[in-house]
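Student: Shown below is the structure under consideration.
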Amino acid sequence: MTDDRTALVTGASRGIGQAIAIRLAARGAAVAVHYGTDKEGAAATVGEIERAGGTAFSVQAELGAEGDVETLFAGLEEGLAGRPLDILVNNAAAAPAGPLGVTTQADFDRLFAVNVRAPYFIIERALPLLRDGGRVITISSVATRMANPTQTSFAMTKGAVETMTRTLANQLGARGITVNAVSPGATRTATNGAAFAAPGLADFIAGATALGRLGTADDVAEVVTFLASAEARWITGQVIDATGGLFLGPRV
């Protein structure tokens, strides 16, 4: 990755998005660190990148709200200062809202606004800025290949972005732009540790994972960074499973 590359990572104030932003910066990209409400977290991401000798700036936009994409790109274009965009990572997402019978229509609409509508129109808005040979990477979820009744509506949103990935890869290939998705599984980060605190849960998930442990944000960030690299130029229209082999089948 060359020093003149630029990247936008949505939802980069914490968790997987933060790890992706830091990893891309370590590989030489100037990174736009998007956040919705966590200004301090975005500042921490930018600060860590800059302390390591990298370049970053933060941009704010509440995805799913009216005018979200234009707000995002106003900040992005100011920070880019005339430079093109090379890498777009759609990481920001709304969390699962609950099972059928619990998810409200408002919850459902918000999930699709943040997880589907926002990345779709962010990609559309990015195309004039995106350099030929660029990279578009969207974070999906293992929920698309698992039947989890508590995440039905969430899984539907991630199924939509996987379909989007394949169709846009076909459309944008003429410009040498690759479009891929990365599908994390059970990934423990600094901010979601409580989700795995139930007695025996972490051990159960590790026992159902081929590689025998929970994932980390860095595990996923490494996959994204590879897809953003020149070495991944011949990979497009794919959903890359980054779960460590979660629920592949019985382990004997």
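Rule-based calculations on the coordinates, nothing more; no lab input. Keep in mind the model is a prediction, meaning the values are calculated, not measured. Backbone-built Cβ (ideal geometry, glycine too); neighbour counts: all protein chains shown.
Student: Once you have the Cα-Cα distance between residue 78 and residue 171, take 0.36 nm times their residue separation minus that, and quote the gain in nm to one decimal.
Tutor: Values: separation 93, 0.36 × 93 = 33.48 nm, distance 2.82 nm.
Extra length available between residue 78 and residue 171 comes to 30.7 nm.
Student: Indicate, rounded to the nearest 5 percent, the antiparallel portion of the DSSP beta bridges found entirely in the chain.
Tutor: 5
Student: Oh, and also: With a 10 Å radius around each residue's Cβ, average the other Cβ atoms per peptide and rank 27-34, 87-94, highest first.
Tutor: Taking the mean over residues of other Cβ atoms within 10 Å, the ranking is 87-94, 27-34.
Student: Over the chain, what relative contact order in percent results from Cα pairs under 8 Å that are six or more residues apart?
Tutor: Worked out over the chain, it gives 19 percent.
Student: If each of residue 55 and residue 192 carries a label point 7 Å out from its Cα toward its Cβ, how far apart are those two points in nm?
Tutor: 3.2
Student: So, one more: Take residue 132 and residue 163, extend 7 Å from each Cα along the Cα→Cβ direction, and tell me the distance between the two endpoints in nm.
Tutor: Each label point lies 7 Å from its Cα, and together they span 3.2 nm.
Student: Just to check I understand the Karplus step: with θ = phi - 60° and J = 6.51 cos²θ - 1.76 cosθ + 1.60, what whole-Hz values come out for segment 189-204, glycine and proline as x?
Tutor: Result, rounded to whole Hz: 10, 5, 9, 10, x, 5, 5, 10, 7, 4, x, x, 5, 4, 5, 4.
Student: Also, quick follow-up: Multiplying the sequence separation of residue 71 and residue 106 by 0.36 nm and subtracting their Cα-Cα distance, what value in nm do you get?
Tutor: Values: separation 35, 0.36 × 35 = 12.60 nm, distance 2.27 nm.
Taking residue 71 through residue 106 to full extension adds about 10.3 nm, to one decimal.
Student: A follow-up question, please. Taking the Cα centre of the chain as origin and charging only Cβ (+1 Lys, Arg; -1 Asp, Glu), how large is the dipole, in debye to the nearest 20?
Tutor: Magnitude of the dipole: close to 600 debye.
Student: To continue, here is another question. Putting +1 on Lys and Arg Cβ atoms and -1 on Asp and Glu Cβ atoms, find which of 144, 99, 65 reaches farthest to the positive end of the dipole of the chain.
Tutor: 144
Student: Of all alpha-carbon pairs in segment 1-144, indicate the percentage at a distance above 21 angstrom.
Tutor: 40
Student: PRE reach from residue 124 (point 7 Å along Cα→Cβ): which of segment 64-95 fall under 12 Å by backbone N?
Tutor: In segment 64-95, the label zone of residue 124 (backbone N under 12 Å from the point 7 Å along Cα→Cβ) covers 69-70.
Student: What percentages make up the Cα-Cα pair-distance distribution of the chain when the bins are 10 Å wide from 0?
Tutor: With 10 Å bins starting at 0, P(r) equals 8, 32, 38, 19, 4, 0.
Student: At a 10 angstrom cut-off on C-beta neighbours, averaged per residue, how do the peptides 222-230, 159-167, 7-15, 101-109 rank from highest to lowest? Can you show the working numbers first?
Tutor: Numbers: 222-230: 20.0, 159-167: 17.7, 7-15: 27.4, 101-109: 12.0.
Taking the mean over residues of other Cβ atoms within 10 Å, the ranking is 7-15, 222-230, 159-167, 101-109.
Student: A follow-up question, please. Determine which residues of segment 65-108 fall in the zone a paramagnetic label at residue 146 would reach in this model, i.e. backbone nitrogen under 16 Å from the point 7 Å along Cα→Cβ.
Tutor: Those under the cut-off are 95-99.
Student: Where Rh is the Kirkwood radius over the Cα pairs of segment 137-229, the temperature 10 °C and the viscosity 1.306 mPa s, what D in µm²/s does Stokes-Einstein return?
Tutor: 107
Student: Evaluate the distance, in nm, between pseudo-label points positioned 7 Å from the Cα of residue 252 and of residue 40 along their respective Cα→Cβ axes.
Tutor: For the pair residue 252/residue 40, the computed spacing is 5.3 nm.
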